[in-house]
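The values are calculated or read from the model by the stated rules, or taken from the named source; none is laboratory data. These figures come from a predicted structure and were not determined experimentally. Ideal geometry is used to build each Cβ from the backbone, glycine not excepted, and the neighbour counts take in all protein chains shown.
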Amino acid sequence: MSRQQETQGVVLTGYHSNAELLAQPGLSIACPPSRENDPQATSRRTGHYSVQQNHSALPEDNPSAESQRPRPSVCSNPGSSPRRSPHTRLRPRPPCQRCNSQDSLDELEMDDYWKEVENISRSAEKRGGEGGNEEEEQQKHPDEGEQEEAWLMEAGLARLFDGSLPADQEQEEDSAAFLSTLTRAQAAAVERRLTLLHQTQRRCNRQHLPDVRDIFRLPEKDKEPREVQKGSESPPSDASSTEPETVMNVDVAFSEQALSYRDNQPHRVAKMSPNSPDDKLPNFRLLKDKTGQTRVGHLSPPDMKKVRRFALVEITALFDTGGIDLKAHKAVKVKTKESGLFGVPLVTLLDQDQRRVASTKVPFILQRLISHIEEDDGLDTEGLLRISGAATRVKSLYQELESCFYDGTFPWDQLKQHDAASLLKLFIRELPHPLLTVEYLNAFIAVNKLPTKKQQLQALNLLVLLLPEANRDSLKALVEFFQRVIEHQAKNKMTLNNVSVVMAPNIFMFKGCRSKVTEQQEFSMATGTANIVRLLIRYQNLLWTIPKFILTQVRQQNMESQRKQNKERAMRKLLKKITDKPPDRATPEPESAQGFIRVQAPQFSKVSMVLQLTEDLQAADVLTRFLSQDSAVKVKREDLRLYEIGGNIKERCLDRETFMKDLFQLNPAAEWVIKAAQ
């Protein structure tokens, strides 16, 4: 199609296979070359949209003419949003090529954002009132003092402000152990919330709260936790100034690093321009840790609950350090479907799927749509995720999936890739609450206000840890899929920026959101939300890990909690020794004191084995030696896991590169157990 012809505009009339197009006369079509030897061959991937000439229409999607069609300006008039006037004719921009760089979000790519917003609006209009009330209130601004109260309760510190709670010595000891492990910035974050709540309740003539200085004043005899912290609280110089920008230091609390950065560079401000040099995406890497990297899902539920508490306090401290006043929303209960696929809470979906397969972590419908898109070289489909299926056909497929998915009669072989991608996006949008949750959606957006990419990644790491398990696992499945789409960008023309721009409105615009957002807010959110999706995809391998400093705090809290238990246990043992008076006998020296560890394998025929601790012995070596000594084991090496159990941790699955001697020195009371992967 020539440049002169192109500026006349085209109108999308329908989706057809190649065979259907060949049979229709009088159409102006520009089709990409077929990937099959037979030009008549058709597939789900190679259907094209038919177009007809229209001198007054705005150009619509045509996969083959994507790089040539003129693009309207996004922000030429802040008072007029594309969503308010989808058919307004805008002045064509000079011809230019789509940017293939993943370093910046340029204006051309943001056009795809507004086009996706329009697709969402049209889809909602086509579907009408199905799936419940589209504008139902799902979020609520907390009242004065309510936000601080909710924050303290989520952090497990309700006893600090509510004296009416029944006495519970175990809870009090847990809070004391938790507070004793906090760093300077984390303690300041807790203290600030307590102070604000105290002031609010005094204005409301409510009961007196204890002075926050008394809460954080440690007894003279209890010096050990603070001494442990001193090494990690404030490094002698800013971590980002002594290390390359590409290194992520997870040994020191992020908020402490941010304090040092702020003090050393007081005049630095956040760069919000999407095309600024600071917007480059470096190849971040984690500092090597001999005790092993801990990924999300590698800790037991009790320890993950502690991780979440520390992550909440740390993300708050990090935002406080950056001067970012975050107003969290409160989720409001909405009427939701109790069965089905679309518009069903993730927890409900997982509950019905786990009745079929107990180990399910991601809803079946989400897994199936992703796997279908990838079938038959589907990732090579040009414009995947960007080009939407016809709204009427997607509506029909949606209804058919609802009725036929679980009984296995849905005709997957007839589902085109673009339609499957549209259903995937519809599934995300139809969730009763956003995938990133009402509580933390604003926090994800506020990440853009932090001054460096490193701090933004640190904040996203903490926010991922704060998400409910169902949301976190589903988000991980999505970003992994997006990465696989990007890896095929040579054929599908979908770069990191393209995918991020298209998916941002689907992830951040939940039901009823757009009616409560002004046009000016929507413009300011566009680039910011796309940037967050971009970071989630690009750095997913870093974001789904547990920082070492948080794991260290979990170990410290466990040790504090065990201290009193150990005293009571020692007293009982002493009393028993006095009462029983057993005969004197030499106590054998434990194997660990001789430089050996015993590895248990209760699931297998070889119950245990003894290994000598050497400087280079890794977890992978332990698994290899176990398999070599027990030929009856039919499990593959990659399906075996070595666990650290007990001592200062409940249960932890070890990274294969963990050095056993270093970990043993960190947790000498632990047991070492081999299990099959679940």
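Restricting Val357, Val362 to residues that are within 21 Å of the chain's Cα centre (by Cα), part of a loop (DSSP other than H, G, I, E, B) and surrounded by fewer than 21 Cβ atoms within 10 Å (Cβ to Cβ) narrows the list to Val362.
Residues in region 462-482 include none that are within 30 Å of Asp377 (Cα to Cα), over 14 Å from the mean Cα position of the chain (by Cα) and surrounded by 21 or more Cβ atoms within 10 Å (Cβ to Cβ). Residues in region 175-230 that are of a type in the set (Asp, Glu) and over 16 Å from Arg563 (Cα atoms) were compared, and the one that is modelled with the lowest pLDDT is Glu227. For Leu385, are the conditions met, namely being in a loop (DSSP other than H, G, I, E, B) and under 29 Å from Val447 (Cβ atoms)? When the stated conditions are applied, Leu385 passes them.
Among the criteria (1) at pLDDT below 95; (2) under 27 Å from Val347 (Cβ atoms), the one Thr518 does not fulfil is (2). Pairing residues of region 663-676 that are free of Cβ contacts under 8 Å to residues at least 40 places away in the same chain with residues that are charged (D, E, K, R), at Cβ distances under 7 Å and at least 6 apart in sequence or on separate chains, gives Ala670/Glu644.
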